[in-house]
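Bear in mind that the values in this text are calculations on the coordinates, not laboratory data. Quantities reported herein were computed from a predicted structural model and do not represent experimental measurements. We place every Cβ from the backbone using ideal geometry, glycine too, and count neighbours over all the protein chains shown.
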Amino acid sequence: MSPFVADYLLFVFWACVGAIQIGASIGRFDGLLFVRHNLAARALGVALIFGAIAWFFLTENRNINDTEGGLDANQQAMGFFAAAIAAVIVTVVISSFSNAGMHRPRPGALNVPEGPEGREGSDPDDGLDALRRVSYLTAVRRSLPPMWRGAPGSVARFYSGDKEGIVFRIVGGFISRGRRG
Amino acid sequence: MFMDGPIGRWDVEVFLWLNGQVGRSDFLDGLIELLVSDYLIPATMAIGLLMLWFSGRDKETRYRYQIGVFVALSTMAFTSWAVQEISVVAERARPFLDHDVELLFYEATDFSFPSNSVAAVFGIAAGVFGVNRKLGIAMFGLGAVLGVSRVIAGVHYPLDVVAGAMIGPVIAVLVYQFRKIIEPLPTWFIKTARMFHLA
């Protein structure tokens, strides 16, 4: 990997970590934040983005043709995707540690008796909403095992009931005709 | 082609006037060199998409934003393909090959018309505008800054930029319609991410 590519990946990685912090603070997903304070999380996000931009662009000339060591459009897109995925993984790991003790009741659930394990369950369809109450790791540990235990029925129910476009209806029609023989 | 007629002449005149501003201020030249980069504004907009993905406060808003991200990314890919096809037909040479130009960028080796980077960023902006007006307008603004910078820097004629700015949004509208045809695949993608508490 050339130094330029490594620098680009690092730039995108840190900027994406900052973007996730800002997005999560806007959406109020405290379980994803490194610091559970909205203003501080946004300040951290802005600092990471501007810091990454300043480091990448002000330290060297970055206007390099893709024929001379730069990145073409496809390489840029793939590099961005890889760095963004890495940023998501690092964010969920760090925020899971920093929010390990975070437990907030589901809104309106204060009078509901606790489950057999003495704590609230989590619905996989909650998605990011679960991260308002618990850390990422806790949310995954509570929602995924019941989903897998109930598979394939629970997975089929999870994906059912969506609008079907013309391509899906045509392909689905062929498949069901084939099954009928 | 139309580039040989009065529009083409006007295009060259505007280009030469804008590029003629280079060299008047070291600070502005440095700023244009930064803004015209292949990495700054396109990467900033992609970072904005990641922020949008996580920023919806309720499930419906978030779903809309995430569909917007899907449309924006698909638009970027289709735009790149469309620009390649059009540029091969138009075969317009870069301005620095035909004129005495103050170049603030590297000598790009592909065709000039239409501007690929401007088409991509306007496509992303249009995809976002459909779901979040404020962020969409900000992104259109960034796209306009990129377009003007590219002309001043000597890598594009104004018409290249205008064509790119039109192609991106047109493809975004087509992709949005195409998205409805291939449903529920985009929704399933979002639901899978939701299952892992990432959407």
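Residue A:50 to residue B:17: FRET efficiency via 1/(1 + (r/R0)^6), r the Cβ-Cβ distance, R0 35 Å, to the nearest 0.05?
On the way: r = 33 Å, r/R0 = 0.95.
E(calc), rounded to 0.05, equals 0.60.
In nm, to one decimal, how far is the residue A:103 label point from the residue A:175 one, both placed 7 Å along Cα→Cβ?
4.2
Angle check, please: helix B:116-129 long axis (alpha carbons) against the longest principal axis of chain B (alpha carbons), in degrees 0 to 90, nearest 10.
Rounded to the nearest ten degrees, it is 40.
Relative to the first principal axis of the alpha-carbon coordinates of chain A, what is the inclination of helix A:136-149, with its axis defined by its Cα atoms, in degrees from 0 to 90 and to the nearest 10?
So the inclination is approximately 40 degrees.
Mind listing the phi-derived Karplus ³J(HN,Hα) values for the range A:91-100, rounded to whole Hz, using 6.51, -1.76 and 1.60 with θ = phi - 60°, and x for any glycine or proline?
Residue by residue, the range A:91-100 yields 5, 5, 5, 4, 5, 5, 6, 6, 10, 4 Hz.
Tabulate in residue order the Karplus-calculated ³J(HN,Hα) for the range B:161-166, using 6.51 cos²θ - 1.76 cosθ + 1.60 with θ = phi - 60°, rounded to whole Hz; enter x for Gly and Pro.
Result, ordered by residue: 5, 4, 5, x, 5, 8 Hz.
Let me check against my output: what whole-number percent is the relative contact order of chain B, with C-alpha pairs under 8 Å and at least 6 apart? If you can, show how the numbers build up before the last one.
Numbers: 282 pairs, mean separation 56.2, N = 199.
28 percent.
Could you pull out every residue, at least 5 positions away or on a different chain, whose amide H is within less than 5 Å of the one on residue A:102? Hs are placed 1.01 Å off N in the peptide plane, and Pro or chain starts have none.
So residue A:102 has HN proximity to A:135.
Using a 7 Å offset from Cα along Cα-Cβ at residue B:10, what residues in the range B:86-118 end up with backbone N under 11 Å from the label point?
none
On a 0 to 90° scale, report how tilted helix B:26-35 is relative to the longest principal axis of chain B, with both axes built from alpha carbons and the result rounded to the nearest 10.
That works out to roughly 40 degrees.
Given the -39500 (n - 2.57) contribution per DSSP H run of 4+ residues, what per-residue ellipticity at 222 nm results for the protein assembly as shown, rounded to the nearest 500 deg cm²/dmol?
Working: 15 runs with 253 residues, N = 380.
Counting only the DSSP helices, I get -22500 deg cm²/dmol.
Would you kindly derive the ³J(HN,Hα) couplings of the range B:138-145 from the backbone phi angles with the Karplus curve 6.51 cos²θ - 1.76 cosθ + 1.60 (θ = phi - 60°), listing them in order in whole Hz, with x for Gly and Pro?
4, 5, 4, x, 4, x, 5, 4
Once you put a point 7 Å from the Cα of residue B:89 and another 7 Å from the Cα of residue B:31, both along the Cβ direction, what distance in nm separates them?
Placing both labels 7 Å along Cα→Cβ, they lie 3.8 nm apart.
Using 7 Å Cα-to-Cβ label points, what is the residue A:93/residue A:141 separation (nm, one decimal)?
Between residue A:93 and residue A:141, the label points sit 1.8 nm apart.
R0 = 45 Å: FRET efficiency of residue A:39 with residue A:125, Cβ-based, nearest 0.05? Let's see the in-between values first.
Working: r = 31 Å, r/R0 = 0.68.
Efficiency, rounded to the nearest 0.05: 0.90.
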